[in-house]
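A quick write-up on the structure given underneath.
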Amino acid sequence: MRAAAIRITALLLLVGLGLAGCGGSNRTEQAAAPGCERVGAPKPQNASLPAPKQLVRPGEKLTAVVGTSCGSFDIALDTTRAPKTTNSFVYLSRKGVYDGLDFHRVIPGFVVQGGDPLGNGTGGPGYQVDETPPPNLAYTKGVVAMAKSPVEPPGRSGSQFFVVTVADAGLSPDYALLGRVAHGMKVVERIGSLGTPSGHPKQTVLIKGVTIERG
C-alpha cells in the first residue's frame, strides 16, 4: 500500500497538471530556513520560444551551475545519452528562461521540481522535445530528468525538470534524462527539506540563474 501511495504521489507531482494548486500563490512565507534567503514568490511568466537548433555535440562535457536562493548545485549534463534534451536545457538556460523561477513542487525524500514559467506545473517554453530515455534508466538519488504529463509519450520535455532526492524514486523510464548532480547535493536536500506531502514548499526557493560551463 505504501509503495502504491508513493507512485500516486509521484504521478501527481510529475504530470505537470497543477493538481496540487498554484505553487506560488497560496504559500505562507515564513522566516528563511538555515542556508536560504527569504524571497518572494515569482509572478507567472509566459514563455514562447522557437525550438532550438542542435548545437550540443554528443559526448561534449557540459555542466549546468544552478544558482538558487538556497545555494548552488552543479548538474553534469548527459550529452551522450540525451543530446537533444541537454541541448534544449542549455538553450533555455542561456536565454534566461529559468532566471527568477521557483521550485514549485517539493516533496521531502522524493524530488524537487522547478522550471515552470507559470509556476503551477502547467507551463513550458513554447515548444517540446522528444528523446526516448535509456531503457535501463533508474531515477536514483541525484538524477536530474524532465517532467511531462501522463498523456505525453516517454521522453517528451519542455522546461520543467526534477532532481531525485531519494535512493530510488521507483519511476518507470518515461522521463527524459538530463544528467546528474555532480556537486551541491546538500543544497538540493536543503531545498527538499522545505517540501510538504502535498508538494507545496513551506518557503519559496528561487532559481537565480543557470550558467553553462564547458569541460
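Going by the conditions given, is ASN120 touching a Cys at 6+ places or on another chain (Cβ under 6 Å), in a loop (DSSP other than H, G, I, E, B) and at negative phi?
Details: touching a Cys at 6+ places or on another chain (Cβ under 6 Å): yes; in a loop (DSSP other than H, G, I, E, B): yes; at negative phi: yes.
Considered against the rule, which asks whether it is touching a Cys at 6+ places or on another chain (Cβ under 6 Å), in a loop (DSSP other than H, G, I, E, B) and at negative phi, ASN120 comes out as yes.
Looking at VAL163, VAL210, VAL205 in this structure, which one is farther than 21 Å from PRO44 by Cβ, out of contact with any His (no Cβ under 6 Å at 6 or more places or on another chain) and crowded, with 19+ Cβ neighbours inside 10 Å? Talk me through it step by step, then tell me what you get.
Working: VAL210 fails: farther than 21 Å from PRO44 by Cβ; VAL205 fails: farther than 21 Å from PRO44 by Cβ.
The match here is VAL163.
Is there any pair with a first residue in region 21-46 that is at pLDDT below 75 and a second that is not in a loop (DSSP other than H, G, I, E, B) whose Cβ atoms are under 8 Å apart and which are 6 or more apart or on different chains, and what are they?
Sorted first by the residue in region 21-46, then by its partner, the pairs are GLY23/ASP102; GLY23/ARG105; GLY24/ASP102.
I want to confirm something. Restricting to region 133-159 and keeping residues that are part of a strand (DSSP E or B) and under 20 Å from VAL181 (Cα atoms), which single residue is most open to solvent (accessible area, probe 1.4 Å)?
From region 133-159, those part of a strand (DSSP E or B) are 140, 143-146, 156-157; that's our starting set.
After this cut, where a residue has to be under 20 Å from VAL181 (Cα atoms) as well, the list is 140, 143-146, 157.
Numbers: THR140: 39, VAL143: 5, VAL144: 0, ALA145: 0, MET146: 4, SER157: 5 Å².
Top of the filtered list is THR140.
How many of the residues making up region 102-130 are within 24 Å of GLY170 (Cα to Cα) and among the acidic types (Asp, Glu)?
2
Just to verify a result, which residue in region 177-187, among those that are assigned to a helix (DSSP H, G or I) and either in contact with a helix residue (DSSP H, G or I) (Cβ under 9 Å, 6 or more places away or on another chain) or more than 28 Å from ASP130 (Cα to Cα) (or both), is least open to solvent (accessible area, probe 1.4 Å)?
VAL187
In region 189-215, which residues are assigned to a strand (DSSP E or B) and either at pLDDT below 95 or in contact with a Leu (Cβ under 9 Å, 6 or more places away or on another chain) (or both)? Working first, answer last.
Pass one, region 189-215, residues assigned to a strand (DSSP E or B): 206-214.
LEU206, ILE207, VAL210, ILE212, GLU213, ARG214 - these are the residues of region 189-215 that are assigned to a strand (DSSP E or B) and either at pLDDT below 95 or in contact with a Leu (Cβ under 9 Å, 6 or more places away or on another chain) (or both).
If you take the residues of region 193-202 that are more than 16 Å from the chain's Cα centre (by Cα) and not small (Gly, Ala, Ser), which of them is most open to solvent (accessible area, probe 1.4 Å)?
This residue is PRO197.
Considering only residues that are crowded, with 20+ Cβ neighbours inside 10 Å, under 18 Å from the mean Cα position of the chain (by Cα) and assigned to a loop (DSSP other than H, G, I, E, B), which ones fall in region 44-77?
Selection gives CYS70 alone.
For ARG190, all conditions in the list (1) touching a Phe, Trp or Tyr at 6+ places or on another chain (Cβ under 9 Å); (2) crowded, with 16+ Cβ neighbours inside 10 Å; (3) under 22 Å from ALA64 (Cα atoms) hold save one; what is the number of the exception?
(1)
Please state which one of TYR91, TYR98 is within 13 Å of the chain's Cα centre (by Cα), buried (at least 17 other Cβ atoms within 10 Å of the Cβ) and either among the hydroxyl-bearing types (Ser, Thr, Tyr) or modelled with pLDDT under 95 (or both).
On the way: TYR91 fails: within 13 Å of the chain's Cα centre (by Cα).
Sole residue among the options that is within 13 Å of the chain's Cα centre (by Cα), buried (at least 17 other Cβ atoms within 10 Å of the Cβ) and either among the hydroxyl-bearing types (Ser, Thr, Tyr) or modelled with pLDDT under 95 (or both): TYR98.
The values are calculated or read from the model by the stated rules, or taken from the named source; none is laboratory data. For clarity, every value in this text was computed on a predicted model and none was experimentally measured. Here the Cβ is made from the backbone with ideal geometry for all residues, glycine too, and neighbour counts use every protein chain on show. Surface areas here come from the heavy atoms of the whole protein model, side chains and all, with no ligands, DNA or RNA. Shrake-Rupley method; radii C 1.70, N 1.55, O 1.52, S 1.80 Å.
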